[in-house]
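Take a look at the structure set out below.
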Amino acid sequence: MGLTGIQIFKLLPKTNCTECGVPTCLAFAMNLAAGKAELDSCPYVSDEAKNQLAEASAPPIRPVAIGAGVRAFKVGGETVMFRHEKTFYNPPGIAAAVSSDIAADALDKKLKEWNALQYERVGLNLCPQLVAVKDVKGDAAAFAATAKKIAQESEFGLILISDKVDVMKAGVEACAFKKPLIYAATADNADAMGNLAKESGLPLAIKANDIDGLIALSDKLTGMGLKDLVLDSGAREMKQLFADQVAIRRAALKAGNRSLGFPTITFPCEMASNLDMETAIAAMLIAKYAGIVVLSDFKGESVFPLLLERLNIYTDPQRPMTVTQGIYEIGSPNENSPVLVTTNFSLTYFIVTGEIEGSRVPSWLLIMDTEGLSVMTAWAAGKFAGDAVGSFVKKSGIAEKVAHKKIIIPGYAASISGEMEEELPGWEIIIGPRDASLIPKFLKDRA
Amino acid sequence: MRDERVEKMQDEDVDTFYSCTLCQSFAPSHVCSVSPERTGLCGAYNWMDCKASYEINPTGPNQPIKIGECLDPKLGQWKGVNEFVEKASRGATTHYNFYSMVTDPMTTCGCCECIAAMLPGCNGVMTVGRDYNGDTPCGMKFTTLAGVMGGGASSPGFVGHSKFNITQGKFIKGDGGLLRMVWMPKALKEEIKERIMKRAEALGVPDLYDKIADETVGTTEEEILPFLQKVGHPALSMDPIVG
């Protein structure tokens, strides 16, 4: 484990050809060292260097791509045990299960409802990505038909669940274009499932009764030439599953165990008798390393908290969340509506926007790029200084949209008003409230 | 200025450096060590500041480190510092060098004022400050660099440092010192122009300032190398930077 970027760099061609997607060999070497790139991206690396690097440069947990189209995603690729050590990269997939014998109209209804579960937050679209199709009676035709319908008529990716190879084969043929996950190879069918996954180039989940069983299966399939595996340790009880999740992550990251260097799949739907409990279990699993969680259903009240939890855990703690600089219309402002200015830290933006909306006074909100810093921090760092804010207001084009020259600044940045006046001759700089919660009263009193 | 008082000091003058663990709130295994000739990489704490901080708050983030036996005078490594760092990083880092960016450099929290990166093609190093948003010859912008090497890691080939440190006597001395510097953003170069000139004079290359490329020369190694050859940059004739 762990060559440094420089050690890797020495083995690279040093041509800075940029064909791997980054501008220099050194930058590529750093990505390799951090487990964020694969050596295969370099077309010119020598075989000798390849052998030396293969072990050290492969990501400790392999990133596995599942699905196609707008809801395609990647899991795995993680490099740390705890988010605060660096960041978590690839949010887990969230799936709901249907049986292969579901009636077409019932499936239509579900897909329609599930498709509607999309939420806009901090400029991102949050939604679950997967539907799992469970083979119930070994009926290959029904399995294929259900999989095909989901693949063609919805954006969802698929997990195909069956232990019968012929059934799985029918399912794979029906929806291979959607890049489904095959679930699962077990000790009994590993050869056949492995070959199916290899021929179709699809990711394959493996299921064992415990971690030792997983290692044996994983080694066997890797030996067959398979690369994209997803692990299920078989545990369906909270305590054991939690222990397995932690053990698998630790083994891959801390002990350099290649056999367990894959993302995991978990089944809260098989661990509880109602959706509430399933959701609670899924919440634990999203926080603790699951690559995919499979639920029995999606409801707004169950899936929304999970999506938010996932967002919170997988945002990069090294970078503040930001919104784009510009003029935001709140309500339907006209030329007489008030103009407010604040920073582009996303929390600042959402709180201020929420309060302005709450005031029911249509307004113009100017968001200035402060590199994601909140008002006081940006002010202290000199990124929300009077001349900078003034020049931003000038360039924003707000003057053409309103018939007045009044601008409201955050109360905590009151001290910049003098400099703003100098930068914006003729404008009246109004000091707003210190706390966003007082914005509604402030705007109403002025209206 | 506080910096002026420290400028007259040398690392050899003292037997105590100071630690800074303020950044452990977000980089839990990172430990800065501040010596007279290596101010904190954030640019906010020099040796005097740390000393004062310790005297005001003896249990605070700036603790005195008895440096003890010197293990490597060229790269800047001391037994006492290693022991302190290993303890304060809870085992994550066992040792580091004060004067090298190539060999086991000091760890970086992420709030460094500048990040120096090796440029193997030019046999030199570059440095870039927070204020410069453009591309750099190492192929990474400041933010990418900070992401790659922050978080308390020791990343050979890269080191976080303060602006002031660039012209201090021990700046990457183990790798050849300031004479290795082949590229800096224009604004940063101009900001510390006088100090670069002074330091370069002391190093015997009085026209070094004009030999350091900036973004007006180029932002890739290929673009700046002909310039360096034309002006006869001292780094080109030094020992290879990648051993």
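The values are calculated or read from the model by the stated rules, or taken from the named source; none is laboratory data. Keep in mind it's a predicted model, so treat the numbers as computed, not measured. We place every Cβ from the backbone using ideal geometry, glycine too, and count neighbours over all the protein chains shown.
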* Asked: Just checking, which of A:358, A:386, A:372 is more than 28 Å from residue A:319 (Cβ to Cβ) and touching a residue at least 24 places away in the same chain (Cβ under 8 Å)?
  -> A:358
* Tell me which of these residue A:85 doesn't satisfy, since it passes every other one: (1) within 11 Å of another protein chain (Cβ to nearest Cβ); (2) in contact (Cβ under 8 Å) with a residue 12 or more places away in the chain; (3) closer than 22 Å to residue A:308 by Cα. => (2)
* Asked: Among the residues of the range A:175-183, is there at least one that is touching an Asp or Glu at 6+ places or on another chain (Cβ under 9 Å) and surrounded by fewer than 24 Cβ atoms within 10 Å (Cβ to Cβ)?
  -> no
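Rundown of residues vs (1) touching a Gly at 6+ places or on another chain (Cβ under 9 Å); (2) closer than 29 Å to residue A:353 by Cα; (3) of a type in the set (Ser, Thr, Tyr); (4) free of Cβ contacts under 8 Å to residues at least 12 places away in the same chain, yes/no style:
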site: A:60; (1), (2), (3), (4): yes, no, no, no
site: A:72; (1), (2), (3), (4): yes, no, no, no
site: A:78; (1), (2), (3), (4): yes, no, no, no
site: A:93; (1), (2), (3), (4): yes, no, no, no
site: A:103; (1), (2), (3), (4): no, no, no, yes
site: A:107; (1), (2), (3), (4): no, no, no, no
site: A:124; (1), (2), (3), (4): no, yes, no, no
site: A:133; (1), (2), (3), (4): yes, no, no, no
site: A:146; (1), (2), (3), (4): yes, no, yes, no
* Mind listing whichever residues of the range A:326-384 are charged (D, E, K, R) and closer than 30 Å to residue B:130 by Cα? => A:369, A:371, A:383
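Determine whether residue B:102 is within 13 Å of chain A (Cβ to nearest Cβ), more than 26 Å from residue A:316 (Cβ to Cβ) and either in a loop (DSSP other than H, G, I, E, B) or in contact (Cβ under 8 Å) with a residue 12 or more places away in the chain (or both). If you could, list the steps in order and put the result at the bottom.
Numbers: within 13 Å of chain A (Cβ to nearest Cβ): yes; more than 26 Å from residue A:316 (Cβ to Cβ): yes; either in a loop (DSSP other than H, G, I, E, B) or in contact (Cβ under 8 Å) with a residue 12 or more places away in the chain (or both): yes.
Taking the combined requirement at face value, the residue satisfies it.
Determine, yes or no, whether residue B:62 is surrounded by fewer than 20 Cβ atoms within 10 Å (Cβ to Cβ) and farther than 15 Å from residue B:106 by Cα. Before you say what the answer is, go through the steps one by one.
Numbers: surrounded by fewer than 20 Cβ atoms within 10 Å (Cβ to Cβ): no; farther than 15 Å from residue B:106 by Cα: yes.
No: the conditions fail for residue B:62.
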* Asked: Limited to the range A:217-246, what total is found for residues that are without any contact (Cβ under 8 Å) to a residue 24 or more places away in the chain and more than 25 Å from residue A:284 (Cα to Cα)?
  -> 1
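Would you kindly identify the helices (runs of 4 or more DSSP H) lying entirely within the range A:171-278 that contain at least 1 residues that are closer than 26 Å to residue A:54 by Cβ and among the acidic types (Asp, Glu)? Can you show your working first?
Details: elements: A:190-200, A:211-223, A:238-254.
Where helices (runs of 4 or more DSSP H) fall fully within the range A:171-278 and carry at least 1 residues being closer than 26 Å to residue A:54 by Cβ and among the acidic types (Asp, Glu), they are A:190-200, A:211-223.
Filter the range A:1-33 down to residues that are of a type in the set (Gly, Ala, Ser) and touching a Pro at 6+ places or on another chain (Cβ under 9 Å), then give me how many there are. Give the derivation first.
At the first step, the residues of the range A:1-33 found to be of a type in the set (Gly, Ala, Ser) are A:2, A:5, A:21, A:27, A:29, A:33.
Those left that are additionally touching a Pro at 6+ places or on another chain (Cβ under 9 Å): A:5.
The total comes to 1.
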* Considering the range B:19-35 alone, what residues qualify as being surrounded by fewer than 24 Cβ atoms within 10 Å (Cβ to Cβ), farther than 13 Å from residue B:61 by Cα and of a type outside the set (A, V, I, L, M, F, W, C)? -> B:29
* Asked: Limited to the range B:157-177, what total is found for residues that are surrounded by fewer than 23 Cβ atoms within 10 Å (Cβ to Cβ) and either without any contact (Cβ under 8 Å) to a residue 24 or more places away in the chain or under 22 Å from residue B:221 (Cβ atoms) (or both)?
  -> 2
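For the structure I just gave you, tell me whether residue A:141 is out of contact with any Pro (no Cβ under 9 Å at 6 or more places or on another chain), farther than 25 Å from residue A:276 by Cβ and either surrounded by fewer than 19 Cβ atoms within 10 Å (Cβ to Cβ) or assigned by TED's automatic domain parsing to the domain that holds residue A:267 (or both).
Values: out of contact with any Pro (no Cβ under 9 Å at 6 or more places or on another chain): yes; farther than 25 Å from residue A:276 by Cβ: yes; either surrounded by fewer than 19 Cβ atoms within 10 Å (Cβ to Cβ) or assigned by TED's automatic domain parsing to the domain that holds residue A:267 (or both): yes.
So residue A:141 fits the description; yes.
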* **Selected residue (only one of B:191, B:221, B:201 is more than 14 Å from chain A (Cβ to nearest Cβ) and within 21 Å of residue B:138 (Cβ to Cβ))** => B:191
* Structure fact -> Counting only residues in the range A:266-304 that are surrounded by 20 or more Cβ atoms within 10 Å (Cβ to Cβ) and in contact with a Phe, Trp or Tyr (Cβ under 7 Å, 6 or more places away or on another chain), the one nearest to residue A:211 (Cα to Cα) is identified as A:294
* To do: Determine, yes or no, whether residue B:196 is away from chain A (no Cβ under 14 Å), surrounded by 16 or more Cβ atoms within 10 Å (Cβ to Cβ) and free of Cβ contacts under 8 Å to residues at least 40 places away in the same chain.
  => yes
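Consider residue B:79 carefully, then state whether it is at pLDDT 95 or above, basic (Lys, Arg) and under 24 Å from residue B:174 (Cα atoms).
Taking the combined requirement at face value, the residue satisfies it.
Every residue, every condition in (1) among the aliphatic types (A, V, I, L, M); (2) under 17 Å from residue A:295 (Cα atoms), yes or no:
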residue: A:238; (1), (2): yes, yes
residue: A:243; (1), (2): yes, no
residue: A:247; (1), (2): yes, no
residue: A:257; (1), (2): no, no
residue: A:265; (1), (2): yes, yes
residue: A:271; (1), (2): yes, yes
residue: A:274; (1), (2): no, yes
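Yes or no, residue by residue, for (1) surrounded by fewer than 20 Cβ atoms within 10 Å (Cβ to Cβ); (2) within 14 Å of chain A (Cβ to nearest Cβ); (3) not β-branched (Val, Ile, Thr); (4) not in a strand (DSSP E or B):
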| position | (1), (2), (3), (4) |
| --- | --- |
| B:17 | no, no, yes, no |
| B:68 | yes, no, yes, yes |
| B:74 | yes, no, yes, yes |
| B:83 | yes, no, yes, yes |
| B:91 | yes, yes, yes, yes |
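So, in the range A:399-414, how many residues would count as being free of Cβ contacts under 8 Å to residues at least 12 places away in the same chain and either closer than 20 Å to residue A:388 by Cβ or of a type outside the set (Asp, Glu) (or both)?
Step one: list which residues in the range A:399-414 are free of Cβ contacts under 8 Å to residues at least 12 places away in the same chain, which gives A:399-400.
Add one more test, that the residue is either closer than 20 Å to residue A:388 by Cβ or of a type outside the set (Asp, Glu) (or both), and what stays is A:399.
Here the count works out to 1.
Restricting attention to the range B:201-232, and to residues there that are part of a loop (DSSP other than H, G, I, E, B) and under 12 Å from residue B:126 (Cβ atoms), which single residue is nearest to the chain's Cα centre (by Cα)? Before the answer, list the steps.
Filtering the range B:201-232 down to residues part of a loop (DSSP other than H, G, I, E, B) leaves B:203-207, B:212, B:214-220, B:232.
The next check asks that each one be under 12 Å from residue B:126 (Cβ atoms); those that pass are B:212, B:214-215, B:217-220.
On the way: B:212: 17, B:214: 19, B:215: 21, B:217: 24, B:218: 23, B:219: 21, B:220: 22 Å.
So, considering only residues that are part of a loop (DSSP other than H, G, I, E, B) and under 12 Å from residue B:126 (Cβ atoms), the one nearest to the chain's Cα centre (by Cα) is B:212.
Going by the structure shown, is residue A:4 facing chain B (nearest Cβ under 10 Å), farther than 15 Å from residue B:138 by Cα and either modelled with pLDDT under 80 or out of contact with any Gly (no Cβ under 9 Å at 6 or more places or on another chain) (or both)? Step through it out loud before you land on a result.
Numbers: facing chain B (nearest Cβ under 10 Å): yes; farther than 15 Å from residue B:138 by Cα: yes; either modelled with pLDDT under 80 or out of contact with any Gly (no Cβ under 9 Å at 6 or more places or on another chain) (or both): yes.
So residue A:4 passes the test.
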